[in-house]
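Asker: I have a structure here, written as structure tokens, and I will follow up with some questions on it.
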Amino acid sequence: MRSEEIILRPVLSEKSTALREKSNKIVFVVSKEANKIMIKNAVKELFDVDPVSVNVINNKGKMKRVRYKYGKTASFKKAIVTLKQGDKISIFEGA
């Protein structure tokens, strides 16, 4: 897989922003087939930073109901990438 196929998009929420500011951790939605090593190499290649560690979370889809019909939201995989102290990713800093 190419790096662009592994890292799909960043997660922009209050919790991920707090993680980024306090402990230098970045949260991404990644491909379901990606493992920790693939994610670490993709972050190195795309953003030119050296990740210290990668934690992966599989989120299952939730059951939802609209009127009389039931459905399910999509499942996805999330990666929390810890960066070295002083490393930054420019898309989050606005530079």
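No lab work stands behind these numbers, since they all come straight from the coordinates. Because the structure is predicted, anything quoted here is derived from the model rather than measured. Please note: Cβ atoms are built from the backbone with ideal geometry, for glycine as well, and neighbour counts cover all protein chains shown.
Asker: Mind counting the residues in segment 7-47 that are in contact with a Ser or Thr (Cβ under 6 Å, 6 or more places away or on another chain) and among the aliphatic types (A, V, I, L, M)?
Answerer: If we filter segment 7-47 for residues that are in contact with a Ser or Thr (Cβ under 6 Å, 6 or more places away or on another chain), which is where we start, we get 25, 27, 42, 45-46.
With among the aliphatic types (A, V, I, L, M) added as a condition, the list becomes 27, 42, 46.
Residues in segment 7-47 being in contact with a Ser or Thr (Cβ under 6 Å, 6 or more places away or on another chain) and among the aliphatic types (A, V, I, L, M): 3 in total.
Asker: Looking at segment 77-95 only, could you name the residues that are part of a loop (DSSP other than H, G, I, E, B) and loosely packed, with under 11 Cβ neighbours inside 10 Å?
Answerer: Initial filter on segment 77-95 (part of a loop (DSSP other than H, G, I, E, B)): 84-89, 94-95.
Listed by number, the residues that qualify are K84, Q85, G86, G94, A95.
Asker: Of all residues being among the hydrophobic types (A, V, I, L, M, F, W, C), in contact (Cβ under 8 Å) with a residue 12 or more places away in the chain and part of a helix (DSSP H, G or I) in segment 1-32, which is farthest from N59 (Cα to Cα)? Just the residue, please.
Answerer: The extreme case among them is L19.
Asker: Collect the residues in segment 23-37 that are surrounded by 11 or more Cβ atoms within 10 Å (Cβ to Cβ) and over 16 Å from I80 (Cβ atoms), keeping them in residue-number order.
Answerer: none
Asker: Let me ask something else about it. Looking at segment 33-83, which of its residues are small (G, A, S), touching a helix residue (DSSP H, G or I) at 6+ places or on another chain (Cβ under 7 Å) and either within 18 Å of S13 (Cβ to Cβ) or in contact (Cβ under 8 Å) with a residue 40 or more places away in the chain (or both)? Please lay out each step first, then the result.
Answerer: Within segment 33-83, the subset small (G, A, S) is 34, 42, 53, 61, 71, 74-75, 79.
Then keep just the ones that are touching a helix residue (DSSP H, G or I) at 6+ places or on another chain (Cβ under 7 Å); that gives 34, 42, 79.
The answer is A34, A79.
Asker: For the subset of segment 38-76 comprising residues that are assigned to a strand (DSSP E or B) and crowded, with 18+ Cβ neighbours inside 10 Å, which member is nearest to the chain's Cα centre (by Cα)? Even if it seems obvious, please write down each step before you answer.
Answerer: Keep residues of segment 38-76 that are assigned to a strand (DSSP E or B), which gives 51-59, 63-66, 69-72, 76.
Subset that is crowded, with 18+ Cβ neighbours inside 10 Å: 51, 54.
Details: P51: 13, V54: 10 Å.
Checking each candidate, the answer is V54.
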